[in-house]
Amino acid sequence: MNSYQKMMARIEAGEKIIIDGATGTELERHGVPQLENAWNGGGTLSHPEILKQIHKEYIRAGAEIIISNTFATLKSALRDAGEEDNFEKYNRRAINLASEARSDMGAKDILIAGGISHWSWSGNQPSLEELGENATEQAAIMAEAGADLIMLERMVNIDRMLVVLNGVQRCGLPVWVGFSCEVDSQGTPRLIDGDALADAIELVRDYNVQLISIMHTDVTAVDTCLDVVDVIWPGPVGVYAHSGDYVEDRWIFKNIISPNDYATVADRWLERGVQVIGGCCGLGASHIRALSGLN
């Protein structure tokens, strides 16, 4: 039984699993410069030691899953940033750095998740065909570099999500899907681009997806999203919410929920059946440490 299978057995037995917190905004907090149109993806090559230290801080805090710094290194984003030629280098090195952090900490059972998105910072969207090809290539690089699973992140559009999902499943690694949502004026949870969360979950049920998460969603919206998840999704559920504001491509570290308050809210999510819990933008190692202390 490999490390991933062991973790899934623990999830099936009802155990709590801790994911890491934000990586991109932690790079920003450490002063790492951004790539225009590829957000904080550039830190993998420009400041690898800082990135590795962030991963290690999360392992010290109790994280059992480390997500690679690849949310912003999809090929179309790197093309917009003038870095397309380094597509393989960014993605392979990101997995390598997470793996090195795991080795340095002697934490062999920590899982390395390759994070893949379809987000565009420039507003330029590749065709669905190109998006699928790019996702296939990105996942294959991650699998070869040693990732244990693929985590689709910030899925905000059903059509694009399905294309990416089809593409990454060719790499042979298990796949988890993370939805980013808002609650509309009628109280209905929707993906950021407007599709109903309920419709997205129904479609994902037809694929070999082993866990879904509500991620990069404001803390205050998570419970309403989970109301939908509880009705439709039969499998394990994760949450890694964000806190703060995003203004002109920068995360604003004001009004961030405190670690203790985040742990209190997360405890409520755990009580309603969520098993995999972590943090996204704005939430750092202190938040993960607080989650680790929950029963």
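Only Cα pairs under 8 Å and at least 6 apart count here; give the relative contact order of the range 1-136 as a rounded whole percent.
In percent, rounded to a whole number, it is 27.
Give me a comma-separated list of calculated 3J(HN,Hα) values for the range 82-87, in order, Karplus coefficients 6.51, -1.76, 1.60 applied at θ = phi - 60°, integers in Hz, x for any Gly or Pro.
Per-residue couplings from phi come out as x, 10, 4, 4, 9, 3 Hz.
Would you mind pulling out the separation of the Cα centroids of the range 207-247 and the range 139-197, in Å?
12 Å
Provide the gained length on full extension for the span GLN5 to ARG29, in nm with one decimal, where the gain is 0.36 nm per separating residue minus the Cα-Cα distance.
Result for the pair: 5.2 nm of gain on full extension.
For the range 1-155, just list the percent of Cα-Cα distances falling in each 5 Å bin from zero outward, please.
Going from the shortest bin to the longest, the percentages are 2, 10, 20, 22, 20, 13, 8, 4, 1, 0.
For the chain, what is the relative contact order in percent, using Cα pairs closer than 8 Å and at least 6 residues apart in sequence?
Once divided by the residue count of the chain, the mean separation gives 20 percent.
Once neighbouring chains are kept in place and the probe is 1.4 Å, which whole percent of the accessible area of the chain is contributed by carbon and sulfur?
Of the solvent-accessible surface of the chain, carbon and sulfur hold 44 percent.
Between VAL231 and ASN166, what length in nm is gained on full extension when 0.36 nm per residue of separation is reduced by their alpha carbon distance?
20.9 nm
Counting only heavy atoms of the protein chains, get the accessible area per residue of the range 74-127 (1.4 Å probe) and round it to a whole Å² value.
The answer is 41 Å² per residue.
Comparing LYS52, LYS16, LYS108, which has the greatest mean-square fluctuation in the GNM of the chain with Cα pairs linked when under 10 Å apart?
LYS108
For the chain, with a Gaussian network of springs between Cα atoms less than 10 Å apart, report the residue from VAL222, VAL231, VAL168 with the top mean-square fluctuation.
Between VAL222, VAL231, VAL168, it is VAL231 that shows the largest mean-square fluctuation.
So what are the radius of gyration and Dmax for the Cα set of the range 37-120, in Å?
12.7, 38
Rounded to the nearest 0.05, what FRET efficiency do LEU128 and GLU248 have when you use their Cβ-Cβ distance and R0 = 25 Å?
So the FRET efficiency works out to roughly 0.30.
For a quick check, take a GNM of the chain with Cα springs below 10 Å and name the residue from GLU271, GLU137, GLU100 with the largest mean-square fluctuation.
In this elastic network of the chain, the residue with the biggest mean-square fluctuation among GLU271, GLU137, GLU100 is GLU271.
Is the chain rounded, prolate or oblate when judged by the Cα gyration tensor, a ≥ b ≥ c being the square roots of its eigenvalues, rounded requiring a/c under 1.5 and prolate requiring a/b larger than b/c?
The shape class here is rounded.
The values are calculated or read from the model by the stated rules, or taken from the named source; none is laboratory data. Since the structure is predicted, the reported quantities are computational estimates derived from the model, not experimental observations. Neighbour counts are summed over all protein chains in view; Cβ atoms, including those assigned to glycine, are modelled from backbone coordinates with ideal geometry. Accessible surface is based on the protein model in full, side chains and every heavy atom, while ligands, DNA and RNA are left aside. Shrake-Rupley method; radii C 1.70, N 1.55, O 1.52, S 1.80 Å.
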